[in-house]
Amino acid sequence: LQRLRASNAEILFVSRAIQYQKEAEESAIKIAGEREDISAIYSFVKRCGNELIPVLFLAIASRRARSEKKTLADDPFVKALQKIYNFFIDRFLPAQANLVLLNGDDLSKRFKLLPSPLYKIILERVEEERVLGNISTREEAETLAQTLIETQK
């Protein structure tokens, strides 16, 4: 890519897509197979970010290139990738359009917390629970935050 004079951003995008494609090949059935782990799917989707769709296409193309079958419709790996894609389209993206339930200012004012690594833990967990549909109100988010603060003491 450097010889083709790709930008640093393009090189990073392709590198990350390949990295996550390998991760998808190693873990897709584990996280999205018959016993799907919705939290693990969320983590994978969040890590992939903008690269998710290219990652899924790369993973399917790689599988197809190594397969003797003419179609992969019944392949458990492809079905697992479809579940990840469906989660992204049906749950993750719509949740991103909504406002967060808590932010750093809320943690400072409501819980008298000083900025620390605990901020990140709390905010990421609240966001995950919101996206997964386990919480939907500010009060539920504050209750979860309080529980996390108490377990960290």
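Quick note: the coordinates plus some simple rules give every number you see, no bench work behind them. Here the structure is a predicted model, which means the values were calculated and not measured. Cβ coordinates were reconstructed from backbone atoms using ideal geometry, including for glycine residues, and neighbour counts include every protein chain displayed.
Which is the longest part of the chain that has none of the GluC sites (Glu not before Pro) sitting in a DSSP loop with at most 15 other Cβ atoms within 10 Å? List each step's numbers first, then the result.
Numbers: sites that count: Glu34, Glu68.
Answer from the scan: 69-153.
Quick check for me: using +1 on Lys/Arg Cβ and -1 on Asp/Glu Cβ, what's the dipole size of segment 31-153 about its Cα centre, in debye to the nearest 20?
380 debye
If R₀ is 35 angstrom, what is the calculated FRET efficiency for the pair Leu93 and Thr143, using the beta carbon separation as r and rounding to 0.05?
Computed FRET efficiency for Leu93 and Thr143: 0.85.
How high is the FRET efficiency from Ile53 to Gln19, r the C-beta distance, R0 22 Å, rounded to 0.05? Provide the component values of the computation, followed by the final result.
On the way: r = 15 Å, r/R0 = 0.69.
E(calc), rounded to 0.05, equals 0.90.
Within a Cβ distance under 15 Å of Gly104, other residues only, what is the Lys/Arg minus Asp/Glu net charge?
+1
7 Å from Cα along Cα→Cβ at both Glu68 and Ser116: what's the point-to-point distance in nm?
In this crude label model, Glu68 to Ser116 measures out at 5.9 nm.
In whole angstrom, note down how far apart the Cα centers of segment 2-70 and segment 127-142 are.
28 Å
Keeping to pairs on different chains or 8 or more places apart, tell me how many lysine pairs in segment 1-123 have Cα atoms under 15 Å apart.
The number of close lysine pairs in segment 1-123 is 5.
Taking the Cα centre of segment 1-54 as the origin, how large is its charge dipole in debye, to the nearest 20, when only Lys and Arg (+1) and Asp and Glu (-1) carry charge on their Cβ atoms?
Approximately 300 debye in magnitude.
Give me the one-decimal nm value for the distance between modelled label points at Ala9 and Ala40, 7 Å along each residue's Cα-to-Cβ direction.
Distance between the two pseudo-spin positions: 3.4 nm.
For Leu113, enumerate residues with amide H under 5 Å from its amide H, sequence gap 5+ or separate chain, H modeled in the peptide plane.
Result for Leu113 returns Ser108.
Using +1 at the C-beta of Lys and Arg and -1 at the C-beta of Asp and Glu, which of Leu4, Leu132, Leu101 has the Cα lying farthest in the positive direction of the dipole of the chain?
Leu4
Mind checking which of Ser15, Ser43, Ala32 is farthest towards the positive end of segment 1-44's charge dipole, using Cβ charges of +1 (Lys, Arg) and -1 (Asp, Glu) about the Cα centre?
Highest projection toward the positive end goes to Ser15.
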